[in-house]
Amino acid sequence: MRLAKFLANSGVASRRAAEQIIRSGRVTVAGAVVTDPAREVDAGSAVRLDGRPVGEGAQELVVYAVHKPAGVVSTASDPQGRPTVVSLVESGQRLYPVGRLDADTTGLILLTNDGDLAHRLTHPSFEVDKTYRAVVGGGPVREPALRALRHGVALEDGMTAPARVVRIRPDTLEITIHEGRKRQIKRMCQHVGHRVIRLERVRFGPLLLGDLPPGGHRRLSANEVSLLRNAGSASRTGGTPRGASPA
Ligand code: URA
């Protein structure tokens with residue numbers, strides 16, 4: 001398999017980050033520096049990162065569901081010193097967030113050391129559904145605004161794809177999108193005249209936030225991880241969501 005995928009599968013970094021690491025000359029194969037992420041390797045190739053052996057299965061691959069509270073950032077570290085989602089989970093593994101939520105957005109975010117899975121879940125071509133609950137200002141949300149959100153709206157970075165939008169209260173929408181543009185829900189709502197006051201992600205692919213408490217986390221079962229791995233195709237065929245709350 002390609003060296004970048006090998007590193008990602010070994011839990012070193014996401015596939016994209018692994019490509020950077022390789023290009024920066026930190027990886028050797030059989031003692032020689034390799035800067036080509038596409039170089040073919042296997043478990044017997046003596047791959048090392050910064051001199052330390054790396055191998056498939058060298059680190060157990062894990063996925064956690066985390067309920068991100070407001071004020072916590074979803075980057076691995078923050079120049080402003082705010083707490084990070086990664087710091088909410090004590091784990092011997094080097095975890096990183098799958099995608100991003102704004103600092104003031106709450107709800108379900110996944111942490112993993114499985115670079116290949118993270119790639120599948122965040123790459124636009126896999127179209128994983130994410131559902132957000134948005135409390136909005138600007139008065140009750142009327143039909144024309146709902147129709148526009150469902151159809152797609154013209155943002156500065158292009159039209160949004162059709163979305164599923166359910167008005168669960170006059171000022172509260174559940175919006176399901178499969179894109180992951182920056183501040184997308186806030187910008188979509190603003191576009192139809194409703195500023196988002198509170199935003200929570202309540203579903204990621206087949207997983208529901210459920211009753212996981214703010215700041216809480218739990219490790220996903222092997223079955224849930226396999227559901228996630230198939231999430232791209234499942235969400236397009238209407239796969240059944242599973243609760244992310246502890247049983
Ligand atoms: N859309 C937003 O506007 N913010 C988020 O954090 C996630 C989706």
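The values are calculated or read from the model by the stated rules, or taken from the named source; none is laboratory data. Model, not experiment: these values are computed from the prediction. Glycine gets a Cβ as well: all are built from the backbone with ideal geometry, and neighbour counts include every protein chain shown. With ligands, DNA and RNA removed, areas are computed over all heavy atoms of the protein, side chains included. Shrake-Rupley method; radii C 1.70, N 1.55, O 1.52, S 1.80 Å.
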Within the chain, how many Lys pairs that are eight or more residues apart, or on different chains, come under 23 Å at the alpha-carbon? 5
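Could you put Arg94, Arg82 in order of accessible surface area, largest first, with the 1.4 Å probe and the full protein assembly present?
Details: Arg94 145, Arg82 85 Å².
Highest to lowest solvent-accessible surface, that is Arg94, Arg82.
In the stretch 3-53, carbon and sulfur make up what percent of the accessible area (probe 1.4 Å)?
After summing per-atom areas, the C and S share lands at 48 percent.
Determine, for each peptide in 27-37, 11-21, the mean count of other beta carbons within 10 angstrom over its residues, then list the peptides with the highest first. All intermediate terms of the calculation are to be shown ahead of the outcome.
Numbers: 27-37: 14.8, 11-21: 20.2.
For the peptides 27-37, 11-21, the packing ranking is 11-21, 27-37.
Tally the DSSP beta bridges in the chain and give the antiparallel ones as a percent, rounded to 5. Each step should come with its number before you reach the end.
Values: 42 of 47 bridges.
Antiparallel bridges make up about 90 percent of those DSSP assigns within the chain.
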Which whole-number value in Å² is the accessible area per residue of the chain, probe 1.4 Å? 48
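State whether the chain is rounded, prolate or oblate according to the following rule on the C-alpha gyration tensor (a ≥ b ≥ c being the square roots of its eigenvalues): a/c under 1.5 gives rounded; otherwise a/b larger than b/c gives prolate, and the remaining case gives oblate.
Working: a/c = 2.13, a/b = 1.95, b/c = 1.09.
Here the chain falls in the prolate category.
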Helix-only mean residue ellipticity at 222 nm for the chain, each DSSP H run of n ≥ 4 adding -39500 (n - 2.57), per residue, nearest 500: -6000 deg cm²/dmol
Determine, from the Cβ-Cβ distance of His151 and Arg16 and an R0 of 30 Å, the FRET efficiency 1/(1 + (r/R0)^6), rounded to the nearest 0.05. 0.40
How much accessible area does Met159 have with a 1.4 Å probe, in Å² rounded to the nearest 10? 100
Between the stretch 158-230 and the stretch 71-93, what's the alpha-carbon centroid distance in Å? 21
Classified through the alpha carbon gyration tensor (a ≥ b ≥ c as square roots of its eigenvalues; rounded if a/c is under 1.5, else prolate when a/b is larger than b/c, else oblate), the stretch 3-53 comes out rounded
